[in-house]
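Read through the structure below, which is laid out as structure tokens, and then see the notes.
Here, each number is a calculation from the coordinates, and none is a lab measurement. Every value quoted in this text rests on a predicted model; they were computed, and no experiment measured them. Here the Cβ is made from the backbone with ideal geometry for all residues, glycine too, and neighbour counts use every protein chain on show.
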Amino acid sequence: MNQLLEDLIKVMTLERLEMNLFRGESRDIGSPQVFGGQVLGQALMAANATADDRRVHSLHAYFLRRGDFNSPIVYEVDRALDGKHFSSRRVVAIQHGRQIFNMSASFQLPETGFEHQSSIPDVPQPDTLTDLQTQYRDVAHKLPAAARRLLEQKRPFEFRPVSKPGGLRIEKSAPLKYVWFRAVDRLPDDEALHRCLLAYVSDFHLLDTALQPHGVSMISPKLVMASIDHAMWFHRSVRLDDWLLYAMDSPSASGARGFTRGSVFAPDGRLLASVAQEGLIRITE
């Protein structure tokens with residue numbers, strides 16, 4: 001397996017300290033703090049470990065404080081409900097004696113019922129597009145050191161955006177974005193792992209969709225961005241080692257906050273998951 005992907009699975013594999021208590025390590029991905037998607041994925045792994053054969057179908061999370069990637073994070077799971085068909089869990093992430101994150105998640109025994117969904121957008125296929133790291137090489141020399149460090153980090157996922165990203169300055173455009181992505185290597189046949197990794201990767205590219213109508217780049221040195229909350233709904237089985245389309249839009253920005261939504265589609269058009277996030281967007285002087 002690819003070393004980066006193998007390391008990510010290691011990060012997602014938590015140490016069990018007690019029946020409902022887990023500990024996870026972090027990685028520096030080039031940002032000043034622990035990547036929010038990592039905490040989200042680890043929290044879901046902790047909840048999964050207490051849900052037996054039930055699958056997560058929704059989660060709602062809040063990012064409270066910046067995480068320190070030099071120290072472990074402890075996850076405490078509250079088994080709020082184990083009903084006939086559904087289980088509810090609440091997870092609190094603790095670091096240096098303080099809560100940095102909390103999440104509620106709901107799990108369900110697999111069952112069948114009515115089905116309908118929205119249609120996949122008509123966009124170019126991933127084999128006709130260039131990966132993100134290759135696109136950024138053309139503008140890397142124009143970027144501040146902090147931005148270069150973030151963008152030059154190798155990832156366990158490959159991203160192929162439909163529209164070419166800009167540098168420090170971008171043209172104003174509609175708040176719509178489409179990105180194909182997949183893991184860089186094959187993954188084990190573990191549905192719970194794939195859903196946790198989807199939670200991890202869903203925090204990439206989402207919030208900066210709210211910047212597009214304002215002509216501001218996510219790597220602007222005057223921009224402060226941070227995820228406030230994150231919600232996901234898992235509709236169908238998912239594989240992260242196949243190409244997936246992340247279709248994102250931003251219906252609103254106000255009060256120094258941007259609201260964004262995402263839909264994750266399989267190449268055959270199946271809607272696999274839905275995402276929503278609100279985050280801080282602030283321009284400093």
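For Asp68, nonlocal amide neighbours, meaning residues 5 or more places apart or on other chains whose placed amide H falls under 5 Å from its own, are Val34.
Between rounded, prolate and oblate, where does the stretch 1-86 land on the alpha carbon gyration tensor, with a ≥ b ≥ c its root eigenvalues, rounded for a/c under 1.5, else prolate if a/b exceeds b/c? It is prolate, given that a/c is not under 1.5 and a/b is the larger ratio. Computed over neighbours whose Cβ is under 15 Å from that of Val123, the net charge equals -1, Lys and Arg +1, Asp and Glu -1. Relative contact order of the chain, taken over Cα pairs closer than 8 Å and 6 or more residues apart, is 18 percent. Checking the Cα-Cα distances for Lys10/Lys164; Lys154/Lys222; Lys10/Lys84; Lys10/Lys222 against a 27 Å cut-off, the pairs over it are Lys10/Lys164; Lys10/Lys84; Lys10/Lys222. Shown here for the stretch 246-285: trypsin sites (Lys or Arg not before Pro) in loop regions (DSSP other than H, G, I, E, B) with at most 11 other Cβ atoms within 10 Å, of which there are none. Restriction of the chymotrypsin sites (Phe, Trp or Tyr not before Pro) in the stretch 5-101 to DSSP coil positions whose beta-carbon has at most 11 other beta-carbons within 10 angstrom yields no sites. Counting only Cα atoms, the chain measures 53, 45, 42 Å along its principal axes, largest extent leading. Among the trypsin sites (Lys or Arg not before Pro) found in the stretch 23-64, those both in a DSSP coil and sparsely packed, with 16 or fewer other Cβ atoms within 10 Å of their Cβ, are Arg27.
Rounded if a/c is under 1.5, else prolate if a/b beats b/c, else oblate: with a ≥ b ≥ c from the C-alpha gyration tensor eigenvalues square-rooted, which is the stretch 58-133? Verdict is oblate for the stretch 58-133.
Charge dipole (Cα centre; +1 on Lys/Arg Cβ, -1 on Asp/Glu Cβ; no other charges) of the chain amounts to roughly 820 debye.
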